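Please read the structure below before turning to the comments.
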Amino acid sequence: MLYVWSYVKRHKWLLFLNLLGAICFVTVNLGLPTILARIINEVLVSQDKGRLYFLVSIMGAIIVFGLLGNIILTYASSRLTNETTRSIRNDLYDKISDFSHEEYEKIGVSSLVTRITNDAFVILQFVEMVLRIGFNTPLMFIGSVVLIIQTSPSLSWILAAALPVIMLVIYWIAKSSGPLSDKMQKLLDKLNTYSRENLTGLRVIRAFSREEYQEEKFSGANRDYAETAQSLHKLMGSAMPAFYHIMAVVITLIFVFSLDPIGAGEMQVGTLVAFVEYAFHALFSVLMFSQIFMMYPRANVSAKRLKEIYDMPISITSKPDGVSETKTHGYIEFDNVSFAYPGETENPVLHDISFKAKPGEIVAFIGSTGSGKSTLVQLIPRFFDVTFGRIIIDGVDVRDYQLDALRNKIGFIPQRALLFTGTIGDNLRFGKDDATDGELVKASDVAQAREFIERMEEDYHSYLSEGGSNLSGGQKQRLSIARAIVKQPDIYVFDDSFSALDYRTDAEVRRRLKEVTGDSTVIIVAQRISSIRNADQIIVLEEGKIVGRGTHDKLMKTNAIYQAIAKSQLKEEQEDHFDE
């Protein structure tokens, strides 16, 4: 929990106000019984109205004082809780934004979402509880004990006997709740994973008529979570009845053992009333403070999960003194590059890849599924780092760049087009905030997206649903291409970005791309030979190795793998044409 405290202590002024409010709260709750005892002992016997008005006016002043203190306490604790949670979430989001693919795979996207939402909310609840009752209950307990001893030392043993029993109950509940809290958060991760899979894979589930299977799978995870949560809540809920029974026994004993002192004139009725109030406040303070101890294990689990994110080393980092500017733009060289995924160094997916590309050139990669094409181009913007060898862009190893500077050179268009919630214009400006309307129109025209955009009711101001779900796959892919064009990068990387386009649109997009990519380097990963046949250099990959390179005409004459791909695609095109 030191991790959470590091955020709380940043707001020292709010902590001071919180302490001030707690002191006011304690003053009121202990001051009122003291004045009430004096009224009973002094006024009811003597019938002195002047004395009564004086003591009542003091009670009124204490109440006003307490009201102001309660306002201060509520304001300070609420403000401090929100500031702490906001800072934690912001820092976590910033850290997650710096994660590479390796870190995402270690924790899992669903778990990250759970931690930044649910775990952060648990911390919010805990911090709020600590600030509201963690400050005033210790003060209340100490003050009550002092007044109890001063009021009647002979009855103090009753409270002393009750405290060990209460502490044992608190210890048992706190110890038992820790494992349950840990299990519950892990089950929540699992539940979120199933939810995410079911929502994103809804079409596949329906296509295979597996709704019932997925429902049972989700229901099982939900049942496990509910049972664990129920066990935890039962455990936590048992505390209140136990404490109230202990308090009832204590107060009963106080009345029983106060009969003799009152009968002997050693204790007045008002003093007994005050003593009962002090005992109640002392026990109730322990009860309230125990809520913190009981919630601590769950909050500690959440804090550890959040700190795990915060402390996780990032495998791909930006050099603070890295290169930010270069004299040349668009030159790429792979120098004997080999790559293996983390933990799989004995099974590299790329072996000794070497090639060069310069501005104005189109370099294409083709090969069978699993040959390493997409992995190769993801090394260019440093989504992963090479295991051996070097990637040099504009004369500088990519690992020596500032990450922002490196990625600003690149326009990356993934195969799975990802759009963000917002307008079409917002998405197109994602890589260039100050792009003009004219630039958006030109880019969408080149990407063959202008026609369907302008058919929409609000054209470039049309709102896109989450992930662009209100567009077809081809439309999303064309918008992704247009987004990269708006950025005007030195290097375009098309990772099978034409796969959702029909042959006519594919050909037209590639033809129009020459208008805007003439001074840039273009890297294309493709499954269709028709998408790359005009490339300056085509590299054929097989099991992560280069098995051929050259132009389309050269490879058609000399490379058996390229020939086989071409023949299979020609046959498919003929069959498709025949079917039509």
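Below is a table of values for the structure above.
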{"read-out": "Residue list for the stretch 72-98, restricted to those being among the small types (Gly, Ala, Ser), in contact (Cβ under 8 Å) with a residue 60 or more places away in the chain and more than 15 Å from residue 307 (Cα to Cα)", "value": "76"}
{"read-out": "Residue among 396, 349, 377 that is over 25 Å from residue 518 (Cβ atoms) and modelled with pLDDT of 90 or more", "value": "349"}
{"read-out": "All positions within the stretch 451-476 that are surrounded by 15 or more Cβ atoms within 10 Å (Cβ to Cβ), within 28 Å of the chain's Cα centre (by Cα) and assigned to a helix (DSSP H, G or I)", "value": "467, 468, 476"}
{"read-out": "The stretch 90-137 - residue that is small (Gly, Ala, Ser) and not in a helix (DSSP H, G or I) and, of those, nearest to residue 315 (Cα to Cα)", "value": "100"}
{"read-out": "Residues being of a type in the set (Lys, Arg) and either assigned to a loop (DSSP other than H, G, I, E, B) or touching a Lys or Arg at 6+ places or on another chain (Cβ under 7 Å) (or both) - total across the stretch 325-381", "value": "2"}
{"read-out": "Among the residues listed as 40, 63, 23, 71, the single one being at pLDDT below 80, surrounded by fewer than 18 Cβ atoms within 10 Å (Cβ to Cβ) and in a helix (DSSP H, G or I)", "value": "40"}
{"read-out": "Matching residues, the stretch 227-270, being at pLDDT below 75, assigned to a helix (DSSP H, G or I) and loosely packed, with under 14 Cβ neighbours inside 10 Å", "value": "237, 240, 260, 263"}
{"read-out": "Condition broken by residue 384, with the remaining ones in (1) at positive phi; (2) assigned to a loop (DSSP other than H, G, I, E, B); (3) out of contact with any Leu (no Cβ under 8 Å at 6 or more places or on another chain) satisfied", "value": "(1)"}
{"read-out": "Verdict on residue 185 being of a type outside the set (Val, Ile, Thr), in a helix (DSSP H, G or I), touching an Asp or Glu at 6+ places or on another chain (Cβ under 8 Å) and at pLDDT 75 or above", "value": "yes"}
{"read-out": "Flag for residue 413 being buried (at least 20 other Cβ atoms within 10 Å of the Cβ) and either under 17 Å from residue 316 (Cα atoms) or touching a helix residue (DSSP H, G or I) at 6+ places or on another chain (Cβ under 9 Å) (or both)", "value": "yes"}
{"read-out": "Subset tally (residues that are over 25 Å from residue 432 (Cα atoms) and among the basic types (Lys, Arg)) for the stretch 486-533", "value": "3"}
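The values are calculated or read from the model by the stated rules, or taken from the named source; none is laboratory data. From a predicted model like this one, the values you see are computed outputs, not experimental measurements. Heads up, the Cβs are rebuilt from the backbone with ideal geometry, glycines too, and the neighbour counts pull from every protein chain shown.
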